[in-house]
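What follows is a single structure, written as structure tokens, with notes after it.
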Amino acid sequence: MPKVAIVKRELSKIATVLAKVLVILLGLLLAATLTSIATGNPLKLISITLFQSFTNLNVFVYISTLLPTAVGLSLAFSANAWNLGAEGQLVFGAIGATFIALFTPLGRQEIIAPIAALIFASLFGALWALPAALLKMFRGINEALTTLLMNFIAYYVANYLVKGPWRGRTVYGYPTTDMIPIESRIPTAPGYSFSWYVVVACIAIAVLLYLFLYRTRVGIALRALGSSIHFVELSGLSSKKLFLIAFLISGALAGFAGGVKILVYHKKLVEGSIVGGGYGFTSIMVSWLGGLNPLFVIPASYYTAVLYILSFGLQIGSAAVGDALSSTIVGFLLALILLADFLTRYRIVIRFR
Amino acid sequence: MMMRKPFIEVVEIYKKFGDVTALNGVSLEIYPGEILAVLGENGSGKSTLAKILYGLYFPDKGYIKVDDVVTVFSSPAEAKNRGIFLVSQRPQLIDDMSVLENVALFLNISPSRDLKKKLEVTLRDLGMAIDVDRGVYTLSYTEKQFIDLAKALITQPRLLIVDEAATYLPRELKLKFLDIIKKFATRGGSVMYITHKILEAIEMGDRFIVLRKGNVVGVFEKGVDVTTIRRAMFGSEEYLTTFKRSPKKITHESFALSVENLIVFDEHGKPSVNDVSLNVRSGELISIVGIAGNGQKELGEAIAGLRKAARGRIMLNGNEITHAPASERIKKGLIYVPEDPFREGVAMGLTVAENVKLFSQSKVSRELLDALIKKLDVNPSNPFINVAKLSGGNIQKVSLARLLLTTPKVVVAYSPTRMLDERSKTLTLSILQRLAESGSAVLLLSEDIEEVLHISTRLGVMVSGKIVRFFETPDLESYREDIEKVMVHA
Amino acid sequence: MLVEVVKIISDPLVVALVLWVLGDIFVERSGVINLALDGIITAAIATAFVSTQNFGYLISLLITVTITLAFASLFMIFINILHAYHVLTGLALNILFYGLSALIGLRFQQSPSITTLNLNSLTLASISILTVALTWLILYKTSIGTAIRACGFNPRAAEHSGVKVWRIRFLASVIGYIAVGIGSYIYATVYRGGWSQYTGRGYGFLAITLAMASTWHPLLSYPITLAFGYLYTSIYSLQLLYGIPPDVINAIPYIASITIVTIVYSTPLHKKLATPRALGEVYFREERAA
């Protein structure tokens, strides 16, 4: 009987990146072919849709949410802080921003309003990450599971608010709050629902966090935390403080993204699952696609944004089928990334003797 | 004896980890009833070989022949089915299960009353009285190690691989352990006895194989002398047996580090450090030596802050640090050199440069970095590669860089030389000595009397969590026999 | 009171939930974080619905369990062979399975509803109680169960003892996902009798939550699931009687789960209850150690 084993493989950084890009491109090709078969549209049409998705400016709508969230998460994951709660932190950020914009006098101050709302959004996001971090630090409770559960609680808090105390006076149908005042909205690019200010800010955040993680002692220590807590302690840095920093920064950035969604996109608070929209979960994949390096997270979030655009482009015919198909394809491509990760890190050895 | 058929033949086994070659074409054979001693320094490939024979690692090339059947194992289950079992330094038991469940797991049956009886009999034969319904987490290291052996013996294996398994056992139990293994061989079983201690190998072995850097560099029959084996193990490399310290007058009066009535519990609530007091002045190098498992490790970790002190006080330059977190103590000038480079000494995900950067509160220039690498003889010398690409010994050297960045007030080291070859060992000890000479207070916790005898200003012997006696310089060498006696029988 | 209890233990939704929780316990006891459960449940429900419509109740049960196992195997390939992070695999595959569930449903459904299968209370109650007992027996009284738990505690030591960790994790997921498949079938045919896009989404996470709240112990999971089942099924009466908003009730299992686990971990209980310590650990046999 042949013997099969899996052993480690050492590839250079460049080879790793190339291999991943190759797998991703192959995946896109495969996905396009499958879609063509499933929908009966010619491959050419699908390919055009695909190509257009890459050049569609609407990618920035998604990048504005995915990039800051994923950059924050790459920081957390580097430090071995398994924050799966970005979705909930994003929702809480949205709640924070809405609170400032709708219920405080700050909401009517030009320029100050969006800034204050974003600061509050970040604080709210960090706040929602705090319990899981504390439970891990002082009780050793698996943070992956607690943060996951906190997502659902955040959904219900937002639902409760928009159906109950915050329900808009002039709102019919879907429960939402009133629209936030004009002064607190962030101006969007003409004809689009994203803001260049936000895009620039997001990229700046990514670059800054890269410098933080790779060029400062605290940042390097955060990454060391992923290997060994004792090592970090023995180097004179408090592992608890670092863990908390990583957790709070990732929560704050998810909250920031939630704030952006309110101030730029929704302009009012909506139900939790709509404001979250699964972006918190997708961001987890984006940060891994970017190899937990904030700089690489930029192209990773771009690629994922393209997938979102693509999935709308594919919604030819019935919207239900389109949505199902796009979810299938996105899931397939994300799984492919995991496969690529395997191929670059391990190899399978088969021996017949 | 040589006319008989070997039980197992190992043929041209190769194994690489990344850029590090662990085994470079190793062949050997073991006969029934024979104890084959495999010798080599840390990093020579002996453990890798053991793991390949037990199916934990898959060889890159080469094969194994058991009873004339050519094979390679892709899991321990397969090796076990062939009657091969590995006992290693760390007992491989599931802490959260009972002894009985562990043995049932190993035998692949459900725990039953019959099994319980059988196990109790086996343990009694080994001279161990252990309640088999107890959770493994309540057992001592020694008890666990014996259970690991007992569960193997129940299956009546044909080859026992013993990988430094007796190293950390207390003297008397060690003899008992070795006796069981010898008996196993006289009844026709094969044994592969892996160790880095030459005398122990000579005591146990019928035949000897020496590994160096993944190659078989010597095969010897019974009757070989220590020097021959030593030469094979260390090759042409200089082997420094002695190095003399120049005893210096201690001028400082106050204590840089003092430990008062310290009590430390192990994971299972037993006191592993039991009412220890000691003081170290600046410029002193104090060693605490004892057989493994007598509390040196826990003492070191408690001083470093990696382990809680249950009672007592720890003072650093007159300030109490008993309950400060490790990071705080490091910042105050205490440096701890851990034993395990992989898990505590470095961060495996980072580059050499990044690791060194973390050791230093201030900026580390490129020149300083290169100088450190040169001084510590880290190979390869490129500071920008991932530490995970280095061999164990070189990783330990990177970990030692923490000693060279400042003149620390207090240095505590626990078995810092365990992973190192002779030359690096000498280097490490001389660094510690030089630190003491330039004013650091150094506390060296060790299991090896050889490494501490010549460099200490004072030497304490630790037995069962207590320091039972201190020996004073100038002439520690003359106390050697006394020290050994105290270590063994307190 | 007794009537209430009987009503809860024979409620088809609660029975389905019990089976999902037990299925999850099998998988997580072997050390795998089972986030893909949510997607697989969604896809299994769609499968159960359309295959009942097309082939009848009995064949539908077979098809549902088979498809569930196929999806679970895909999950296990990522975990055991590709050595992917459990959490990432779960999240990625969930998205894939949500999509597939909708494709299966939309492609094969003939009408939006089916006649619900009529099972009497006794049958329903026995199904869940039997599964609880069986789960406990397998996990705690057989050699396979010992091996499964060993993989959840310490896969490295388990492998050393001759357990093929990848194989046991596969096996655990097969046993567990049979329960998940049957649970999804009961949900689709006995409880719901209808399907729309993404029906059942969210129950997987609820099941994971309840398993965690019961410290992955099958006997503990039953009363806990019943308690939440009670809250769930009486959500509207609670709202009417006491004015508790449904969103607050919905949040209860999540809050309670975190609270219970906090209590367990803050007391010596967690030593006694022996939770799977290696949950979520990517196990690679050739990892270097000192």
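A few notes on this one:
- For region B:353-490, the fraction of alpha-carbon pairs in successive 5 Å shells from zero, as %: 2, 9, 18, 19, 18, 13, 9, 6, 5, 1, 0
- Within the protein assembly as shown: Cβ-based charge dipole about Cα centre, in debye rounded to nearest 20 (Lys, Arg +1; Asp, Glu -1): 740
- Across all directions, the shadow cast by the convex hull of chain B built on its C-alpha atoms averages 23.3 square nanometres.
- Going from the fewest other Cβ atoms within 10 Å to the most, the residues A:GLU87, B:GLU143, A:GLU233 appear in the order B:GLU143, A:GLU233, A:GLU87.
- Under the span-like rule (Cα at least 20 Å along the axis, Kyte-Doolittle mean at least 0.5), DSSP H helices of chain A: A:13-39, A:59-78, A:86-103, A:112-139, A:143-163, A:196-215, A:239-260, A:294-313, A:319-345
- Over region B:8-234, relative contact order from alpha-carbon pairs under 8 Å, at least 6 apart, %: 30
- Considering only chymotrypsin sites (Phe, Trp or Tyr not before Pro) in DSSP loops that have at most 12 other Cβ atoms within 10 Å, the longest stretch of chain B without any of them is B:1-242.
- Applying a length cut-off of 27 Å (Cα extent along the axis) and a mean Kyte-Doolittle floor of -0.5 to the DSSP H helices of chain C leaves C:57-76, C:86-108, C:121-141, C:165-185, C:246-266.
- Rg to Rh, two decimals, where chain A supplies the alpha carbon set and Rh follows Kirkwood: 1.00
- Taking the C-alpha atoms only, the angle from helix B:366-376 to the longest principal axis of chain B is near 60 degrees.
- Most mobile of C:ALA179, C:ALA125, C:ALA188 in a GNM of chain C (Cα contacts under 10 Å): C:ALA125
- Order of B:LYS176, B:LYS5 under a 10 Å beta carbon neighbour criterion, fewest first: B:LYS5, B:LYS176
- Equivalent ellipsoid semi-axes - Cα gyration tensor, region B:85-165, angstrom: 17, 15, 12
- Between region C:116-167 and region B:355-434, the alpha-carbon center distance in angstrom: 49
- Per-residue HN-Hα couplings for region B:6-22 [Karplus 6.51, -1.76, 1.60; θ = phi - 60°; Hz; x = Gly/Pro]: x, 6, 9, 10, 10, 10, 6, 8, 10, 8, 10, 10, x, 8, 8, 8, 8
- Value of D in µm² per second that Stokes-Einstein yields for the protein assembly as shown, Kirkwood Rh from Cα pairs, at 10 °C (1.306 mPa s): 49
- Proxy reagent accessibility, fewest Cβ within 10 Å first, across B:GLU12, B:GLU447, B:GLU78: B:GLU12, B:GLU78, B:GLU447
- Normalised by the number of residues in chain C, the mean separation of alpha-carbon contacts (under 8 Å, six or more apart) gives a relative contact order of 36 percent.
- For region A:236-353, the share of alpha carbon pairs falling in successive 10 Å distance bins from zero is 11, 30, 33, 17, 7, 2, 0 percent.
- The Kirkwood hydrodynamic radius of region B:351-402, based on inverse pair distances between different Cα atoms, is 10.7 Å.
- Region B:254-319 and region A:253-307 have Cα centres separated by 50 Å.
- Coupling constants for region B:340-354 follow from the phi torsions by the Karplus curve (6.51 cos²θ - 1.76 cosθ + 1.60, θ = phi - 60°), and in residue order they are 8, x, 5, 8, 10, x, 9, 9, 5, x, 9, 7, 4, 4, 5 Hz; glycine and proline get x.
- In chain A, Cα pairs under 8 Å separated by at least six residues give a relative contact order of 35 percent.
- Computed Kirkwood radius, in angstrom, where 1/r is averaged over Cα pairs of region C:35-180: 16.9
- Distance violations [Cα-Cα > 26 Å] among B:LYS297/B:LYS485; B:LYS5/B:LYS61; B:LYS51/B:LYS151; B:LYS466/C:LYS272; B:LYS183/B:LYS222; B:LYS46/B:LYS80: B:LYS466/C:LYS272
- Calculated FRET value between C:ILE235 and A:TYR172, using beta carbons and R₀ = 25 Å, to 0.05: 0.50
- With respect to chain B, whose longest principal axis is taken over its alpha-carbon atoms, helix B:113-125 is tilted by about 70°.
- Taking C:GLN109, C:GLN239, C:GLN197 as the candidate residues, the one with maximal mean-square fluctuation in a Gaussian network model of chain C, Cα springs under 10 Å, is C:GLN239.
- Förster-model FRET efficiency, 56 Å R0, C:GLN53 and C:ILE244, C-beta, rounded to 0.05: 0.90
- Here is the size of region C:2-273 from its Cα atoms: Rg then Dmax, 18.3, 58 Å.
- DSSP bridge analysis restricted to chain B gives an antiparallel fraction near 55%, rounded to the nearest 5.
- Taking a straight Cα-Cα cut-off under 20 Å and skipping sequence neighbours fewer than 8 places away in the same chain, the aspartates and glutamates within cross-link reach of B:LYS308 are A:GLU233, B:GLU260, B:ASP266, B:GLU267, B:ASP275, B:GLU298, B:GLU320, B:GLU328, B:GLU339, B:ASP340, B:GLU344.
- Counting only lysines at least 8 places from B:LYS375 when in the same chain, those with an alpha carbon closer than 27 Å to its own are B:LYS213, B:LYS244, B:LYS248, B:LYS331, B:LYS332, B:LYS357, B:LYS363, B:LYS389, B:LYS397, B:LYS409, B:LYS425.
- Calculated [222 nm] ellipticity per residue, helices only, for chain A: -23500 deg cm²/dmol; basis is -39500 (n - 2.57) per DSSP H run with n ≥ 4, divided by all residues, nearest 500.
- Among A:ILE112, A:ILE37, A:ILE229, residue whose mean-square fluctuation peaks in a GNM of chain A (springs only between Cα atoms under 10 Å): A:ILE37
- Interchain or long-range residues, amide H under 5 Å from B:VAL217's placed H: B:VAL210, B:LEU211, B:ARG212
- In order along region B:141-147, phi translates into HN-Hα couplings of 3, 4, 4, 4, 5, 5, 5 Hz, rounded to whole numbers, per the Karplus curve 6.51 cos²θ - 1.76 cosθ + 1.60 with θ = phi - 60° and x for Gly and Pro.
- Residue-averaged 222 nm ellipticity for chain B, from DSSP H runs of 4+ at -39500 (n - 2.57), nearest 500: -9000 deg cm²/dmol
- For region C:214-266, the Rg and Dmax computed from alpha carbons only, in angstrom: 12.6, 37
Every read-out reported here was derived from the displayed coordinates using simple, explicitly stated rules and does not represent laboratory data. Treat the numbers as computed from the prediction; the structure is a model and nothing was measured. Backbone-built Cβ (ideal geometry, glycine too); neighbour counts: all protein chains shown.
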